[in-house]
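First comes the structure, then the notes that go with it.
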Amino acid sequence: MSFTVDAVIDELGYRQSGDLLNRDLADQTVEPSRRQAWREATERLKINAAFFQGGVPLVYFRGLRLPSDADVEAAIEQLHRQSWNHGRAPFLVVVLPDEVRVLDNRTAPFDDFTLLRATTIDALADFSYGSLMRGQLTSRLEGRRRLTVVGQLR
């Protein structure tokens, strides 16, 4: 199966009216409460889309296509480190051609920051819009050492 960012967003149900910002849509309106987080995420992290609740980003989406597995792992580690340092959205969905990973941006880069690895959309069900809003990820987050970069530095 081949994945695209837009297909993953659609399948997981994150295309909620007004709550998803997509870098490819030039005519979208970005509310003032979202502008700074959106600008920083697109400039620093090169994200493709972000799901917001109010002015707070909850999920970033980023597509990656790299020539080798070694390049992919290094790119994911770098992207997570940047996203964790950015300190905004708690989750980052990385869409690879043959796999989707959900990264925990509240887990430091030196810990296991991968929440889900999936090669089918069905395997991502725990991270759908409905599951996230109902708190069904709680069991996956239990026992994890989750700190923002500021919390870690303290």
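A few points about this structure:
- Evaluated against (1) under 23 Å from Arg134 (Cβ atoms); (2) assigned to a helix (DSSP H, G or I); (3) of a type in the set (S, T, N, Q), Ser33 falls short on exactly one condition, (1).
- Residue list for the stretch 75-95, filter: open to solvent by 30 Å² or more (accessible area, probe 1.4 Å), touching a residue at least 24 places away in the same chain (Cβ under 8 Å) and in a helix (DSSP H, G or I): Glu77, Arg81, Gln82, Asn85
- When we screen Asp24, Asp98, Asp6, Asp19 for residues that are open to solvent by 70 Å² or more (accessible area, probe 1.4 Å) and without any contact (Cβ under 8 Å) to a residue 60 or more places away in the chain, the only hit is Asp24.
- Residues that are out of contact with any helix residue (DSSP H, G or I) (no Cβ under 9 Å at 6 or more places or on another chain) and hydroxyl-bearing (Ser, Thr, Tyr), drawn from the stretch 2-49: Ser2, Thr4, Ser17, Thr29, Ser33, Thr42
- Some residue of the stretch 50-73 being among the small types (Gly, Ala, Ser), assigned to a helix (DSSP H, G or I) and either touching a helix residue (DSSP H, G or I) at 6+ places or on another chain (Cβ under 9 Å) or surrounded by fewer than 20 Cβ atoms within 10 Å (Cβ to Cβ) (or both): yes
- Considering residues of the stretch 122-146 that are at pLDDT 85 or above and touching a strand residue (DSSP E or B) at 6+ places or on another chain (Cβ under 8 Å) only, the residue farthest from Glu11 (Cα to Cα): Leu132
The values are calculated or read from the model by the stated rules, or taken from the named source; none is laboratory data. Owing to the predicted nature of the structure, the values given are computational and were not obtained by experimental measurement. Cβ sites come from the backbone with ideal geometry, for glycine too, and all protein chains shown count toward neighbours. To get the accessible areas, we keep the full protein, side chains included, count just its heavy atoms, and leave off ligands, DNA and RNA. Shrake-Rupley method; radii C 1.70, N 1.55, O 1.52, S 1.80 Å.
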